[in-house]
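Here is the structure we will look at.
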There are 2 protein chains.
Amino acid sequence: MAYYVGIDLGGTNIKAGIVDDQGKMLNKSSIKTNADRPCEDIIKDMGNLAVQVIAEAGLKKEDISAIGIGSPGTPDNEAGLLVYAKNLPFVNAPMRKIIREVIDLPVYIDNDANCAAMAEAVAGAAKGVKDSVTITLGTGVGAGVIINGSIYSGFNQAGSEFGHTVLVSGGEQCSCGRKGCFEAYASASALVRITKEAAEANPDSKLNDVIKDLGKVNGKVAFIAQRMGDKAADEVIDKYTDYLADGLANAINTFMPEVLVVGGGICNEGDPLLVPLQEKTMSRPFFGPGVKKTRIALAQMGNDAGIVGAAMMGMNCFDKNLDGTAC
Amino acid sequence: MAYYVGIDLGGTNIKAGIVDDQGKMLNKSSIKTNADRPCEDIIKDMGNLAVQVIAEAGLKKEDISAIGIGSPGTPDNEAGLLVYAKNLPFVNAPMRKIIREVIDLPVYIDNDANCAAMAEAVAGAAKGVKDSVTITLGTGVGAGVIINGSIYSGFNQAGSEFGHTVLVSGGEQCSCGRKGCFEAYASASALVRITKEAAEANPDSKLNDVIKDLGKVNGKVAFIAQRMGDKAADEVIDKYTDYLADGLANAINTFMPEVLVVGGGICNEGDPLLVPLQEKTMSRPFFGPGVKKTRIALAQMGNDAGIVGAAMMGMNCFDKNLDGTAC
């Protein structure tokens, strides 16, 4: 059995774990990122955490084939660098070099949304499928594209920024600078905005009661109010699922994946979200008569997607002998 | 030197030619499609045309490695079928089988927009580049995606229908059934619509004079009126390039290709179209600091793209031993 270390670098925590070649995680551990310190110190701690989880699994360095790192931002896997990362102090950071000074194993780097898609493709909702796309609905909208079993991220490893494709030309301001991106209409943050607007426009709706009870507006408000029979809540969910379905149908028309995986905390709302979403999404793509249709599935890997996906990305690069000549 | 037959099946004409392994076309010929007859007869004529161009090039069947066919609609290359085609009488048509009855060579089938992208990738604007996307602006908006030197068309060979991604949610009706597709805002037909609307809204504009002179509205009207100093024409071109740039920036964010190729008759308008388009498009994608940027280029293959691309798709499939087990 071959084993891999997966490291999931986040703005708050660094998580790492040991994963076997079937995508099964043996153990995991985490430390604080403390993102306000020099990037060299953060990377050294990533290396130390790799050493720690190897030991905690009862393994030795020799048992590990490779280390995979999932990070925010854009990597340069060939050069072993993290070119830049949103909200983290990395600019052309020599990640591979510093980690190999701590533990000398092959090191591969990719974007975290791409690693999440890899986790679903190896061990989750798109297991056994060659072409899949994973869309994660959170503060933003993450997208990872798997083509022929490998991550596709373009010639510059900066893709796929499918969350930053315009869906409503001239629409809501997006964090990327454009107006009307998919992310600005389909993220959990977008649902919060739509909910707020509806609550203000309908002062007598139950949306306002729920917001008062919770003391805040979040992605659950509309679903709670809907269960109370609120019409304005129905409209919020209808509007949100309409935009989301338009974006998912765009992803299908663009990539024609065998499976389109949808994940993120909001999916926990279950049928009241998923039933209209499935219906709307599948009525929109451009399948000619007799053409096989994409299947929509819920993400299965949850919080472990980052670690498992990073490890499986590492396995994939290692198998393809992408050994990092610059390393 | 290896030679390939490229066949470009269209609603009006069937074109075929001999292409060498560098993408150079030796000769070509064409016949009428006569699309209202049984598909078997059309396919037999495609085979006969292949025989003809081989002879006209002074070659023998033994000199040809493979035949590539570019067709509208969705093929099933593995099974050797054309699953369906818009405006043509093909439903699960056994294209490979019938052609091999006329001339027994390996036969491969792909979509025409994909073949156009392949032509640009082998011998045109994206020559020498591994990852490119070609967008063709015509009656519709065609898109072909080349990843790692091969056509990417999804698990069902129905991709990429990037022209049918929604850019203006709830916007103009598209031929695919959705509202607000990229195609409905960026095709030559869309430019005609925008021009008509502006001419009606501005009865004193020179747009109306040009339309009167030409006796019709086409994609040139706004550019002719702009050269006469017409302000409404400026606004038409500004509006059209805005939508087009939004769609092209979407393609960049989605695929992060090294080269994005733009083609179609409208590109002949030159700088008045291309200068604002380039400027708008390149200011919109999501490139982080230090990340390599996509290059935009004009299509170079013109009317031969279909034949050359089909032949080079055939070469690519032949090289990969996609020999069609069902054949």
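Ranking A:G138, A:G80, A:I296 by how far each Cα lies toward the positive end of the dipole of chain A (charges on Cβ) leaves A:I296 at the top. How would you classify segment B:1-136 from its alpha-carbon gyration tensor, with a ≥ b ≥ c the square roots of the eigenvalues: rounded for a/c under 1.5, else prolate if a/b is greater than b/c, otherwise oblate? Oblate. Shown for segment B:128-300: lysine pairs separated by 8 or more places, or found on different chains, whose C-alpha atoms are under 23 Å apart, numbering 27. Reported to the nearest whole Å, the Cα centre-to-centre distance from segment A:1-78 to segment B:70-100 is 49.
Placing a label point 7 Å from Cα along the Cα-to-Cβ direction at B:K179 gives distances to the equivalent points in the other copies of 2.0 nm, listed shortest first. Here the dipole of the protein assembly as shown is about 140 debye; that uses its Cα centre as origin and unit charges on the Cβ of Lys and Arg (positive) and Asp and Glu (negative). Footprinting exposure proxy ranking of A:L191, A:L26, fewest other C-beta atoms within 10 angstrom first, gives A:L26, A:L191. For segment A:227-303, a Kirkwood hydrodynamic radius built from all Cα pairs, placed in the Stokes-Einstein relation at 10 °C and 1.306 mPa s, yields a translational diffusion coefficient of 118 µm²/s. List the lysines whose alpha-carbon lies under 27 Å from that of B:K28, not counting same-chain residues fewer than 8 positions away? Once the sequence-local lysines are set aside, what remains near B:K28 is B:K15, B:K44, B:K60, B:K61, B:K86, B:K97, B:K127, B:K320.
With a Förster radius of 25 Å applied to the beta-carbon distance between B:N13 and B:L298, the computed FRET efficiency rounds to 0.55. Count Lys and Arg as plus one, Asp and Glu as minus one, and take only other residues whose Cβ is under 12 Å from that of B:Y152; the net charge is then -1. Based on DSSP H segments of at least four residues, each scored -39500 (n - 2.57), chain A has a per-residue ellipticity at 222 nm of -12000 deg cm²/dmol. The Cα atoms of the protein assembly as shown give a gyration tensor whose axes a ≥ b ≥ c have a/c of 1.5 or more with a/b no greater than b/c, which makes the shape oblate. Sorted from closest to farthest, the other copies place their B:Q300 label points 4.7 nm away, with each point set 7 Å from Cα along Cα→Cβ.
With the simple spin-label model, which puts each label point 7 Å out from Cα in the Cβ direction, the A:L59 to A:V91 separation comes to 3.6 nm. Looking only at segment B:251-295, which residues have a backbone nitrogen under 19 Å from a spot 7 Å from the Cα of B:D234 in the C-beta direction? Counting backbone N atoms under 19 Å from the label point, the list is B:271-280.
On alpha-carbon atoms, Rg over Rh for segment A:261-309 using Kirkwood Rh?
Details: Rg = 13.6 Å, Rh = 12.7 Å.
We get a ratio of 1.07 for segment A:261-309.
Within segment A:125-300, DSSP assigns beta bridges of which about 55% are antiparallel (rounded to the nearest 5).
Every number here is computed from the coordinates shown, using simple stated rules; none is lab data. Everything numeric here is computed off the predicted structure, so don't read it as measured data. Note that each Cβ is placed from the backbone with ideal geometry, even for glycine, and that neighbours are counted across all protein chains shown.
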